[in-house]
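Handing you this structure, nothing more for now.
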Amino acid sequence: MKVFISVDMEGICGVVGDRETDPENGGDAYRMNCHRMTAEANAAIEGSLKAGATDILVADSHWNFDNLVPEELNPSARLVRGYPRPFSMVQNLDGSFDAVLGVGYHAMAGTTRSIIDHTFSGKIRSVEVNGRVTGETGLNAYVAGEYGVPVVLVTGDSAVAAEAKALLPRVHTVAVKEAINTHAATHLHPQRACDLIRAEAERAVREAAEIEPLVASRPVAMAIDFKGTEGADWAELVPGVTRVGGTRIEFSAPDFGAAFRIFYACMHLSSSE
Ligand SMILES: [Zn+2]
């Protein structure tokens, strides 16, 4: 059985601040979070192994995708590390996998009481897929759905757990912290967080064959609302994209793989200064 584990940092137990997730400016706090991130990835790997996984691919999915400490990672897993890559947080996922696990995930931009809520970029206010506002959890789940692979576990704060449940009714979740606001939370002990992730990953992977993948209906219509007009100024350069308002662009694509590539190009263009 093949398991894909995508690991972000904002939803890791203990993480609350922007700066401590920033490889350039985060200093010792950032490096501490790399170890915590690796520990939670290992918990998900261990749970997957208990459930019978024989091939595990981990995708480092935060910032420049080079945060996990390779020497500390469970030797059973292989690691996708580095940047850029067209499918971002789920790079090298394909139809040979049986399950996707999202570890250290965070809620979509604009979510009340959630740690470092955002959707891929600080310039984006919201992203819609076929009319539904969707965060990173959903966008990655739709990519996985193109390959017929279900997202079976999402871990992070209680807000991303609720967001995942609303979109993916049978997904397993672990809330390692409960946000007070975007930069303060009540946390479990990191060891307790890992114990829960290990146990829930095992349950989720065992159930993978019964969990439906999230498939976007075709053609896929997407919209991006930026926080400012400059984001839309850049994004409308992409062929096929229509500017429909000061801060909003829309486009459609024959399938979600194609839609994601347009989205990702718009996101990166809009992030250029
Ligand atoms: Zn991140």
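Any chance you could count how many residues in the stretch 143-181 are of a type outside the set (D, E, K, R) and in contact with a Pro (Cβ under 9 Å, 6 or more places away or on another chain)?
Adding up the residues that qualify gives 10.
Just one of the numbered conditions (1) without any contact (Cβ under 8 Å) to a residue 40 or more places away in the chain; (2) surrounded by fewer than 17 Cβ atoms within 10 Å (Cβ to Cβ) is not true of Thr134; which one?
Answer for Thr134: the failing condition is (2).
Regarding Lys50, is this residue open to solvent by 40 Å² or more (accessible area, probe 1.4 Å), in contact with a helix residue (DSSP H, G or I) (Cβ under 6 Å, 6 or more places away or on another chain) and under 30 Å from Pro254 (Cβ atoms)?
When the stated conditions are applied, Lys50 does not pass them.
A follow-up question, please. Which count do you get for residues in the stretch 214-230 that are among the small types (Gly, Ala, Ser) and open to solvent by less than 10 Å² (accessible area, probe 1.4 Å)?
Number of matching residues: 2.
Also, I was wondering about something else. What residue, among those in the stretch 53-72 that are more than 19 Å from the chain's Cα centre (by Cα) and under 23 Å from Arg206 (Cβ atoms), is surrounded by the fewest Cβ atoms within 10 Å (Cβ to Cβ)?
The qualifying residue surrounded by the fewest Cβ atoms within 10 Å (Cβ to Cβ) is Thr54.
Yes/no per residue for (1) modelled with pLDDT of 95 or more; (2) within 15 Å of the chain's Cα centre (by Cα); (3) assigned to a loop (DSSP other than H, G, I, E, B); (4) among the hydrophobic types (A, V, I, L, M, F, W, C):
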residue: Ala109; (1), (2), (3), (4): yes, yes, yes, yes
residue: Asn140; (1), (2), (3), (4): yes, yes, no, no
residue: Gly148; (1), (2), (3), (4): yes, no, yes, no
residue: Lys165; (1), (2), (3), (4): yes, yes, no, no
residue: Val174; (1), (2), (3), (4): yes, yes, no, yes
residue: Lys177; (1), (2), (3), (4): yes, no, no, no
residue: Ile180; (1), (2), (3), (4): yes, no, no, yes
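Pull up the stretch 1-44, narrow it to residues that are basic (Lys, Arg) and without any contact (Cβ under 8 Å) to a residue 24 or more places away in the chain, then point me to the one that is farthest from the ligand (Cβ to nearest atom).
Arg31
Another one. For Val100, all conditions in the list (1) over 23 Å from Ser121 (Cβ atoms); (2) under 16 Å from the mean Cα position of the chain (by Cα); (3) away from the ligand (no atom under 16 Å from the Cβ) hold save one; what is the number of the exception?
Here Val100 meets the rest and fails (1).
Mind listing whichever residues of the stretch 99-115 are touching a helix residue (DSSP H, G or I) at 6+ places or on another chain (Cβ under 7 Å) and surrounded by fewer than 23 Cβ atoms within 10 Å (Cβ to Cβ)?
Within the stretch 99-115, Thr111, Arg113 qualify.
Only one of these is without any contact (Cβ under 8 Å) to a residue 24 or more places away in the chain and under 16 Å from Gly102 (Cβ atoms): Ala193, Ala208, Ala166. Name it.
Just one listed residue meets the conditions, Ala166.
The values are calculated or read from the model by the stated rules, or taken from the named source; none is laboratory data. On a predicted model such as this, the values are computed, not experimentally measured, just so you know. Glycine also receives a Cβ, built like all others from the backbone with ideal geometry; neighbour counts cover every protein chain displayed. With ligands, DNA and RNA removed, areas are computed over all heavy atoms of the protein, side chains included. Shrake-Rupley method; radii C 1.70, N 1.55, O 1.52, S 1.80 Å.
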